[in-house]
Amino acid sequence: MNHKADAVFVPLNIAVLTVSDTRTLETDTSGQLLVDRLTAAGHQLAARVLLKDDLYKIRAQVATWIAEDQVQVVVITGGTGFTGRDSTPEAVTCLLDKQVDGFGELFRQISVADIGTSTIQSRALAGLANGTLVCCLPGSTNACRTAWDGILGEQLDARHRPCNFVPHLKQVGACETRG
C-alpha cells in the first residue's frame with residue numbers, strides 16, 4: 001500500500017516573471033494566464049514582475065526569488081527563442097543546482113500538436129535552485145497554457161502520482177509549525 005495515497009493539496013508560493021521588450025502588465029496575456037491558472041489551482045501568487053529582455057536583470061530577479069524563503073516556484077515567460085535579445089536560458093541556467101532535462105523535452109513533445117516542427121525552436125527549460133523550481137517558458141500565451149495544462153498543473157500538485165515536485169521544494173513556514 002502506498003502511504004502517500006492520501007496526499008493532500010499543498011498550496012505553493014509562485015512568482016511569475018514576464019520577459020518582454022514590448023509588453024506592459026496590462027498587455028501581458030501570457031503572465032496573466034499563468035497567474036489565473038496558478039490561483040485557480042489554489043496556489044498563491046508570491047510576486048509578479050515584468051522585465052525587459054536583459055540577461056543581468058533577469059538573473060538578478062530570479063536570484064532574489066531563489067534566495068527568498070517564501071518563494072517555492074518561479075515561472076518565467078518569454079526570452080526563450082533565438083532572436084538576439086532572447087537571453088532567459090542564459091540568465092537562468094547558471095543559477096540552477098540541478099536541471100530538469102525532461103521538462104524541455106516534454107514541453108516540446110506536447111507542443112508538436114499545436115505548432116509542429118517549430119517546437120524545436122523553443123528553449124524551454126526547468127531546474128531546481130535552493131529548493132525553488134524555476135521554469136522558463138516561451139512568451140506566447142498558448143505556450144504558457146500548454147506548459148501549465150500539460151506539465152505544471154500536475155507537477156505542482158502534491159496529490160499527483162507517482163511523483164511531483166512538491167517534496168523537492170523548500171518548505172515555507174516549516175519553522176512556525178515546529179513546537
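The values are calculated or read from the model by the stated rules, or taken from the named source; none is laboratory data. Quick caveat: nothing in here was measured; it's all calculated off a predicted structure. Note that we place each Cβ from the backbone using ideal geometry, even for glycine, and neighbour counts take in every protein chain shown. Surface areas here come from the heavy atoms of the whole protein model, side chains and all, with no ligands, DNA or RNA. Shrake-Rupley method; radii C 1.70, N 1.55, O 1.52, S 1.80 Å.
Starting from the amide H of residue 159, placed 1.01 Å from N in the peptide plane, find each other amide H under 5 Å away whose residue is 5 or more places distant or on another chain.
Those lying under 5 Å, H to H, from residue 159 are 10.
Please report the projected area of the range 1-104's Cα convex hull averaged over all directions, in nm². Please list the in-between numbers first.
Values: hull surface 33.0 nm².
Averaging across all directions leaves 8.2 nm² for the Cα convex hull.
Under 5 Å between amide hydrogens, which residues at least 5 positions from residue 48 or on another chain qualify, with H placed 1.01 Å from N in the peptide plane?
When sequence neighbours closer than 5 places are left aside, the close amide H contacts are 16.
Rounded to the nearest 0.05, what FRET efficiency do residue 8 and residue 90 give with R0 = 35 Å and r taken as the Cβ-Cβ distance? Could you check?
Details: r = 38 Å, r/R0 = 1.09.
In this case the efficiency is close to 0.35.
Separation of the range 135-167 and the range 86-101 by C-alpha centroid, Å?
17 Å
Accessible area per residue, 1.4 Å probe, Å², for the chain: what's the number?
51 Å²
Computing the accessible area with a 1.4 Å probe over protein heavy atoms, can you report the carbon and sulfur percentage for the range 33-137?
Values: 2530 of 4860 Å².
Here it works out to 52 percent.
Evaluate the distance, in nm, between pseudo-label points positioned 7 Å from the Cα of residue 149 and of residue 112 along their respective Cα→Cβ axes.
1.9 nm
When the Debye formula is applied to the Cα atoms of the chain, each taken as the same point scatterer, what base-10 log of I(q)/I(0) results at q = 0.12 Å⁻¹?
-0.52
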